[in-house]
Amino acid sequence: MPSLKELRNRIASVKATQKITKAMQMVAAAKLRRAQSAAEAARPYSERMGHVIGNLAAAMEGRDEAPPLMVGTGRDDVHLLVVCTAERGLCGGFNSSIAKLARDHANELLSEGKQVKILCVGRKGHDALKRLLGQHIIGLEDLRSVRAVGFSHARAIGDKILALFEDGGFDVCTLYYAEFKSVISQVPTAQQLIPIKVDAEAAGNGKFYEYEPDEEEILEDLLPRNVAVQVFRALLENGASEQGARMSAMDSATRNAGEMIDKLTLNYNRSRQAQITKELIEIISGAEAL
């Protein structure tokens, strides 16, 4: 049984931890408002770009001059997985859920005989994947020194992806991130970047538009920009998801610390009462012996 001094030290330690988790929860709550606003503001732009490209893709369907970024290389042998996670931990299962989605997909591709390459954006994703898939990791984009993610950072990542594609480094590129739903819900998401997947809604539901200049010239500028835009949206969604997950995790940690303090305090009081009772019994027994 621990001594009274050990229990006092343990209570003081848990109280100090509780102060830290409470402060981190408040900081995450303050950062969440800005991050959520940025993520929600980026969604209409990226979604509208998807609609425009979808309509252009429908107009270009079956034409030989369709750009490779839209139709791909015609092969499905080499896959590039761009895994976006946070640079820091203490945010619950946020990082591990994204890494698990990418790892499961990578293992599925490897079992089918495909070649897998992984580009990590964020140190935590790299740490989670390097043990089992380290030989497939081709790069790490470290954003620890970046206080506020901007489009320039996403464009640099997008340029790296495009350069790798132009050099024949992969056939299919998939982006992994967590889409922000609420403070308690962040959904791990896989989005195919190259070649672009077009659904009926993105294609404009059969509507036809005339473009000036022609579709090829528009797509030549729009498709590379779309890669950077989708990466930027993923980074912003991750930013909001990270703060929401951290806020929820620190709230749980604070409440757990409070429960532990109550239990330790009860144990301390019982031990102290037992020690006092023991000392009284010893004093009374000694007095009776005299």
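General observations
- Looking only at residues in region 91-131 that are part of a helix (DSSP H, G or I) and polar (S, T, N, Q), the one that is surrounded by the most Cβ atoms within 10 Å (Cβ to Cβ) is ASN95.
- Residues within region 167-185 that are open to solvent by 40 Å² or more (accessible area, probe 1.4 Å) and farther than 30 Å from SER248 by Cβ, tallied: 2
- Some residue of region 49-67 being at positive phi and either in contact (Cβ under 8 Å) with a residue 24 or more places away in the chain or outside any helix (DSSP H, G or I) (or both): yes
- Filtering region 244-255 for residues that are under 27 Å from ALA23 (Cβ atoms), open to solvent by 90 Å² or more (accessible area, probe 1.4 Å) and either of a type outside the set (A, V, I, L, M, F, W, C) or at pLDDT 90 or above (or both) leaves a non-empty set.
The values are calculated or read from the model by the stated rules, or taken from the named source; none is laboratory data. A quick note: this is a predicted structure, and the numbers were derived from the prediction, not measured. Using ideal geometry, Cβ is built from the backbone for each residue, glycine included, and neighbour counts are taken over all protein chains shown. Areas reflect the complete protein model, heavy atoms only, side chains present, ligands, DNA and RNA absent. Shrake-Rupley method; radii C 1.70, N 1.55, O 1.52, S 1.80 Å.
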